[in-house]
Amino acid sequence: MHIAVDQSGKIEQTDRATALAFSNGISYAVLIPARVKRRAITILRATGKRGKSVYISLFAAALYQLLKDHLDKIELITIDMEYEGNEQDVKLALLNLIWQRRPTYSADSITFRHISKKSPAHKKALATYRKAIRADWTLQVDDLLLPLSGKKQKRSGKPFRGGP
């Protein structure tokens, strides 16, 4: 299956939430509340990350959480060009997270292109961002930072969604 991924509300806009969604036969959306983004950014900066690398890391972690439970069904991922000129950095960061779980996942399966505002992925991301529909998963700080640390993920108080 080929999916398109879109984002509404930029990661670096810390006064508002961010929604990421994909759609094509199946659809899924995650929401990152503004307070979660602010806390995650503060923690990443305390570890020495600076500039765009903070936002690219968080974007990749959010993409990973969006996609991880669906990778066995997805043959091609087309991600909207949110960070033009930094696509290779986003791709590498995302692949490093995917390869922790699926070491044989092909790098050629991830591409970047402008996603149309008419796309189902855009519509789902925007509706989730505007709270017209409920996110499938509201990410917390640990959901973003644990994959970046390379440690096994534990999710207390919520159903386990599989994987490390």
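At-a-glance table
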read-out	value
Single residue of Arg39, Arg50 found to be surrounded by fewer than 19 Cβ atoms within 10 Å (Cβ to Cβ) and free of Cβ contacts under 8 Å to residues at least 60 places away in the same chain	Arg50
Answer residue from the stretch 75-91, given it is in a loop (DSSP other than H, G, I, E, B) and in contact with a helix residue (DSSP H, G or I) (Cβ under 7 Å, 6 or more places away or on another chain) and is farthest from Gly25 (Cα to Cα) among those	Asn86
Positions within the stretch 92-132 being buried (at least 19 other Cβ atoms within 10 Å of the Cβ), outside any helix (DSSP H, G or I) and of a type outside the set (Ser, Thr, Tyr), in sequence order	Ile110, Phe112, Ile115
Lone unmet requirement of (1) closer than 22 Å to Ile133 by Cβ; (2) outside any loop (DSSP other than H, G, I, E, B); (3) over 13 Å from the mean Cα position of the chain (by Cα) for Leu66	(3)
The one condition in (1) of a type in the set (D, E, K, R); (2) without any contact (Cβ under 8 Å) to a residue 24 or more places away in the chain; (3) touching a Leu at 6+ places or on another chain (Cβ under 6 Å) that Arg102 fails to fulfil	(2)
Filter result for the condition that a residue is among the basic types (Lys, Arg) and out of contact with any Ser or Thr (no Cβ under 7 Å at 6 or more places or on another chain), over Arg38, Arg45	Arg45
Looking only at the stretch 64-91, and only at residues there that are touching a residue at least 60 places away in the same chain (Cβ under 8 Å), within 21 Å of Leu139 (Cβ to Cβ) and among the aliphatic types (A, V, I, L, M), the one that is surrounded by the fewest Cβ atoms within 10 Å (Cβ to Cβ)	Ile74
Qualifying residue in the stretch 2-23 (condition: touching a residue at least 40 places away in the same chain (Cβ under 8 Å), within 16 Å of Thr138 (Cβ to Cβ), assigned to a helix (DSSP H, G or I) and of a type in the set (A, V, I, L, M, F, W, C))	no
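Quick note: the coordinates plus some simple rules give every number you see, no bench work behind them. Computed from a prediction, not measured in an experiment: that's the story for all the values here. Reconstructed Cβ throughout: ideal geometry from the backbone, glycine too, with neighbour counts over all protein chains shown.
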